[in-house]
Amino acid sequence: MLTTIAVILSLTLGTYCCWSFVKNERFRRRYEDMPTTKTAGVFIGEVELKGTAETSGPLTAPLSRREAVWYDWYVEEQWQRTEREKVSPERAKEIGSEYEEKVVNGWNRIAGSTSSSLFYLKDETGHVRIDPQKARVEPVQAVYKTCRSSDPFYFHNAPREAIADSTGDRRFTEAIIPVGAPLFISGHSRIRDDAVAAEVAWDADHPDYLISTNPEEKIIKGVKASSVGSRVIFVLLSAFIFYAFFREWVPALIGGAVGLAALVPVWIWVVHQSMVKLKNRSAQAASNVDVELKRRHTLIPQLIEAVRGFKEYEADLQPALAELRSQERIREVGDAREEGVLVPVARQIMAVVERYPALKSSALFLNLQKNLAETEDRIALARQYYNDTVEYVNSRRESFPEGLVARLSGVRKLDYFHAEAFERPSVQIGLE
């Protein structure tokens with residue numbers, strides 16, 4: 001009977017370990033195979049970002065009073081009581097009673113809440129909005145303190161009334177994402193509802209959304225350790241099941257080998273899935289470069305035409321302005337004959353001002369210069385993202401034994417970005 005229970009528990013735990021192995025391997029490969037994107041080059045889809053948390057309206061964490069963009073805090077109070085527990089007949093004979101007194105204790109949560117706000121992730125290229133709702137957050141510990149009623153902190157954001165059977169000890173815990181904290185974010189970007197700009201937020205089709213105050217290297221190291229641990233426990237459980245049936249070490253070793261062999265098809269499936277995602281990501285990266293080149297070819301000529309047209313319009317407008325000033329001088333000396341001419345010209349000027357509040361071609365030149373710089377930066381970022389993805393694809397394909405799975409998954413060796421491969425008609429900038 002005990003052997004059967006042990007085997008059932010081992011099978012249950014083994015199934016959990018197998019699931020944990022798949023989950024951790026999927027996370028590890030996601031983080032390792034995804035290039036880090038600059039905020040100025042965030043495209044729609046899966047992204048990985050690094051920067052600092054910034055906001056103009058920070059939250060104030062209730063316990064530490066520090067400025068934050070996300071916090072989770074709670075207060076617990078310890079209780080302790082004596083309970084009577086019915087014992088087995090053997091134990092009853094030993095202690096001379098059917099009941100045995102036992103001291104039990106625990107902690108009850110008496111206060112707490114979680115709060116977050118929209119914030120921006122900032123790096124050297126710009127910033128992008130982050131919506132932390134439903135994200136898996138890895139914050140920093142801001143407060144962890146246990147105290148008694150003699151401590152002034154004891155009633156800080158906590159009720160004054162004690163719980164039943166209280167020991168008088170309270171534990172205060174608070175975790176936050178401070179303003180200015182370095183962050184690693186892995187999630188999905190989308191178009192904002194209030195502006196033509198990207199934001200990173202939770203998506204039902206892409207639920208793996210992480211906001212962490214830990215560096216990427218530490219996260220990958222932790223996930224890798226969990227993956228290895230899950231595999232080791234799975235193999236040991238397989239060995240235990242065989243040992244439970246045969247009570248011999250040789251069958252136990254065979255059981256361990258069987259468990260290790262059972263992980264091979266699971267590993268192949270995980271690698272195959274990651275290779276397919278990597279292949280699709282490389283296609284998306286190439287498409288991003290194409291989109292940016294098309295954007296440059298479409299947007300810049302329109303801006304140039306606007307500047308050229310505005311220059312010509314200003315040139316035509318100068319005589320009208322001179323005539324208007326002349327008419328104003330005539331009107332000032334009382335010649336009412338020009339009043340009929342003055343009104344139509346004034347209306348014309350007002351109409352132009354309403355359409356173009358700033359009649360200065362310099363502003364349009366600055367706008368053209370700004371858009372040219374931003375467009376070239378976005379092309380450079382898209383090109384770098386594509387080349388980084390190609391490096392991951394080729395590295396996976398050339399490694400062993402993952403390269404074998406990559407070939408079976410239809411992953412081909414990719415070439416790095418070449419301008420002629422994504423060529424678009426060049427943009428001529430001529431304003432004369």
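The values are calculated or read from the model by the stated rules, or taken from the named source; none is laboratory data. Predicted model, so just to flag it, every value in this text is computed and none were measured. Glycine gets a Cβ as well: all are built from the backbone with ideal geometry, and neighbour counts include every protein chain shown. Areas reflect the complete protein model, heavy atoms only, side chains present, ligands, DNA and RNA absent. Shrake-Rupley method; radii C 1.70, N 1.55, O 1.52, S 1.80 Å.
Going residue by residue through segment 41-49, is there one that turns out to be in a helix (DSSP H, G or I) and farther than 30 Å from Ile241 by Cβ? Checked against the condition, which is being in a helix (DSSP H, G or I) and farther than 30 Å from Ile241 by Cβ, segment 41-49 yields at least one hit.
When segment 1-48 is filtered for residues that are of a type in the set (A, V, I, L, M, F, W, C) and open to solvent by 50 Å² or more (accessible area, probe 1.4 Å), the ones remaining, listed by number, are Met1, Leu2, Ile5, Ile8, Leu9, Leu11, Leu13, Trp19, Ile44.
If you go through segment 173-210 and keep only what is of a type in the set (Val, Ile, Thr), within 22 Å of Tyr120 (Cα to Cα) and out of contact with any Leu (no Cβ under 6 Å at 6 or more places or on another chain), you end up with Ile176, Ile177, Val179, Ile191, Val196, Val200. Cβ-Cβ distances below 6 Å connect the following pairs, each with a first residue in segment 64-76 that is closer than 21 Å to Ile211 by Cα, a second residue that is in a strand (DSSP E or B) and of a type in the set (Phe, Trp, Tyr), and a separation of six or more residues or different chains: Val69/Phe119. Filtered by the rule that a residue be farther than 18 Å from Asp33 by Cβ and modelled with pLDDT under 90, segment 208-225 gives no residues. Taking the criterion of being of a type in the set (S, T, N, Q) and closer than 19 Å to Asp290 by Cβ, the only residue of segment 31-48 that qualifies is Thr37.
Against the list (1) within 30 Å of Leu381 (Cα to Cα); (2) open to solvent by 80 Å² or more (accessible area, probe 1.4 Å), the condition Asn105 fails is (1). Inspect all residues belonging to segment 178-194 and state whether any of them is within 30 Å of the chain's Cα centre (by Cα) and free of Cβ contacts under 8 Å to residues at least 24 places away in the same chain. Yes: one or more hits. At least 3 residues being hydrophobic (A, V, I, L, M, F, W, C) and closer than 30 Å to Glu48 by Cα is the threshold, and among the strands (runs of 3 or more DSSP E) wholly inside segment 103-157 those reaching it are 140-147.
Taking the criterion of being among the basic types (Lys, Arg) and modelled with pLDDT of 75 or more, the residues of segment 385-432 that qualify are Arg396, Arg397, Arg407, Arg412, Lys413. For segment 154-166, does any single residue satisfy the condition of being in contact with a helix residue (DSSP H, G or I) (Cβ under 6 Å, 6 or more places away or on another chain) and open to solvent by less than 70 Å² (accessible area, probe 1.4 Å)? Within segment 154-166 (the criterion being in contact with a helix residue (DSSP H, G or I) (Cβ under 6 Å, 6 or more places away or on another chain) and open to solvent by less than 70 Å² (accessible area, probe 1.4 Å)), the answer is no, since none of the residues qualifies.
Just so you know, in segment 58-108 the residues that are within 20 Å of Arg171 (Cβ to Cβ) and small (Gly, Ala, Ser) include one that is farthest from the chain's Cα centre (by Cα), and it is Gly106.
Residues that are among the hydrophobic types (A, V, I, L, M, F, W, C) and modelled with pLDDT of 70 or more were ranked within segment 279-303; the one that is surrounded by the fewest Cβ atoms within 10 Å (Cβ to Cβ) is Ala283. The residues in segment 180-195 that are open to solvent by less than 40 Å² (accessible area, probe 1.4 Å), within 24 Å of Val140 (Cβ to Cβ) and outside any loop (DSSP other than H, G, I, E, B) can be counted, and the count is 5.
Just checking, how many residues over segment 80-89 are open to solvent by 40 Å² or more (accessible area, probe 1.4 Å), more than 10 Å from Glu101 (Cβ to Cβ) and not polar (S, T, N, Q)? Selection size over segment 80-89: 3.
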